[in-house]
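The values are calculated or read from the model by the stated rules, or taken from the named source; none is laboratory data. Since the structure is predicted, the reported quantities are computational estimates derived from the model, not experimental observations. With ideal geometry, Cβ positions are generated from the backbone for all residues, glycine too; neighbour counts draw on all protein chains shown. Note: areas computed on protein heavy atoms with side chains; ligands, DNA, RNA excluded. Shrake-Rupley method; radii C 1.70, N 1.55, O 1.52, S 1.80 Å.
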Amino acid sequence: MEKQLFAIFGNPVQHSRSPLMHNHVFKKLHFSGCYSRILLQDGSRLKESFFAHRLSGANITVPHKEAAFKACDEVRGFAKEIGVVNTLINEKGRLIGYNTDADGFLFAVKEFDALKDILIIGAGGTAKALARKFKAEGYEVHVLNRSAPNLIYFKEAGFETYTWETCPISAYDLIVNTTSAGLSDDALPAPLALLEPLLKKSRYGADVIYGKETPFLRLCKQKQLTCKDGADMLLGQGVLANAYFTDGKYTLEEIQRAMKESFLF
Ligand SMILES: NC(=O)c1ccc[n+]([C@@H]2O[C@H](COP(=O)([O-])OP(=O)(O)OC[C@H]3O[C@@H](n4cnc5c(N)ncnc54)[C@H](OP(=O)(O)O)[C@@H]3O)[C@@H](O)[C@H]2O)c1
């Protein structure tokens with residue numbers, strides 16, 4: 001049987017652990033698939049590149065998730081609400097889009113108890129997915145971003161929004177960094193003078209970046225918050241994406257067990 005091809009598109013994409021995770025699942029579950037990385041500069045060429053590489057499915061990472069939404073012939077489920085796609089499936093030549101990030105993040109923070117007030121730092125694709133999902137689950141969501149234009153979407157959707165200059169020092173149950181600050185640099189997602197008092201009043205901290213201790217996570221630890229990086233979110237979104245890639249052949253438990261093993265490498 002011919003191998004089905006999958007890939008992750010992004011810029012940067014070299015850091016991504018997705019190939020390791022999905023290839024390990026394919027091997028363990030005897031699925032004939034191969035998953036690689038594709039560096040994509042121009043998001044408007046996503047669809048062309050997807051079909052040129054003869055892919056059966058793909059994941060999309062920073063900064064192309066909104067371009068992925070636009071590239072789809074059809075978008076299903078939660079991705080339709082937020083306009084952000086992180087998983088693509090080739091369904092008989094039509095590009096179908098899904099979003100598995102938000103459910104992946106909920107999976108990651110399920111051990112954090114009594115969450116009510118949540119501050120999301122960042123206003124990109126990941127922030128949209130998490131904000132909408134948290135709201136749907138009944139949490140109070142506030143959004144802080146360095147610049148105002150990307151906050152308009154959140155304001156119109158009924159969220160409290162702040163820039164660095166207007167953010168009050170309130171107590172939160174959870175503060176999440178969804179920006180790419182710290183991904184390939186050593187930056188905090190907001191000024192130290194703002195983050196320090198916010199973290200001092202808060203209980204839990206989470207970063208969606210994985211594989212390194214970001215300056216944000218380091219600061220959370222200094223302020224003695226219980227915190228976690230993006231590894232569990234990566235696992236959660238990856239399990240759900242793999243279930244789409246393998247077209248429901250395996251249970252989520254089987255996929256999760258196999259994918260978790262790849263985190264030991
Ligand atoms: N663990 C996982 O499974 C997982 C899943 C999804 C995403 N991620 C990670 O999530 C991060 C964001 O992805 P995305 O797709 O949401 O990106 P995106 O749509 O490009 O949004 C990036 C956001 O970060 C802000 N930002 C970027 N650099 C900043 C800096 N130096 N200081 C402060 N704010 C900064 C931007 O602010 P402006 O609006 O002012 O430009 C924007 O709000 C990436 O690091 C990605 O790898 C991880």
Within the chain, what whole-number % of the accessible surface is contributed by carbon and sulfur, with the 1.4 Å probe and all protein chains included in the calculation? 50
What net charge is computed for the residues neighbouring HIS22, neighbours being all others with C-beta under 12 Å from the C-beta of HIS22, Lys and Arg scored +1, Asp and Glu -1? +4
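Find out how many positive minus negative residues lie around ALA71, taking Lys and Arg as positive, Asp and Glu as negative, among other residues whose Cβ is under 12 Å from that of ALA71.
On the way: positive: ARG45, LYS47, LYS65, LYS70, ARG94; negative: ASP42, GLU48, GLU66, ASP73, GLU74.
In short, 0.
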Distance cut-off 27 Å, Cα to Cα: go down the list LYS28/LYS135; LYS110/LYS135; LYS70/LYS155 and report the pairs above it. LYS28/LYS135
Per the rule of 0.36 nm per residue minus the C-alpha distance, extending HIS53 to ALA231 adds in nm 61.3 nm
Relative contact order for the stretch 103-229: what percent, with Cα pairs under 8 Å and sequence separation of 6 or more? 22
For a label point 7 Å from the Cα of LYS27 along Cα→C-beta, name the residues of the stretch 243-261 whose backbone N is under 16 Å from it. 257-261
Mind listing the phi-derived Karplus ³J(HN,Hα) values for the stretch 248-257, rounded to whole Hz, using 6.51, -1.76 and 1.60 with θ = phi - 60°, and x for any glycine or proline? x, 5, 10, 6, 4, 5, 5, 5, 4, 4
Read phi for every residue in the stretch 155-166 and hand back ³J(HN,Hα) as whole Hz from Karplus 6.51 cos²θ - 1.76 cosθ + 1.60, θ = phi - 60°, with x for Gly and Pro. 4, 5, 8, x, 8, 6, 10, 9, 9, 4, 6, 10
Under 5 Å between amide H atoms, partner at least 5 residues away or on a different chain: which partners does THR226 have, H built in plane at 1.01 Å? GLY205
When ligands, DNA and RNA are left out and all protein chains stay put, how many square angstrom of accessible area per residue does the stretch 103-229 have with a 1.4 Å probe? 45
By accessible area with a 1.4 Å probe, ligands and nucleic acids excluded, highest first: order of ARG37, ARG54: ARG54, ARG37
In the chain, what cysteines have no partner Cβ closer than 4.7 Å? CYS34, CYS72, CYS167
With the 8 Å Cα cutoff and a minimum separation of six or more residues, the chain has a relative contact order in percent of 16
Is the C-alpha gyration tensor of the stretch 103-229 telling us rounded, prolate or oblate? Criteria: a/c under 1.5 is rounded; beyond that, a/b larger than b/c is prolate, otherwise oblate. rounded
Near LYS27, which lysines are there with a Cα under 17 Å away, not counting those fewer than 8 places off in the same chain? LYS3, LYS249, LYS260
Electrostatic dipole magnitude of the stretch 1-148 [Cβ: Lys, Arg +1; Asp, Glu -1; Cα centre; debye, to 20]: 360
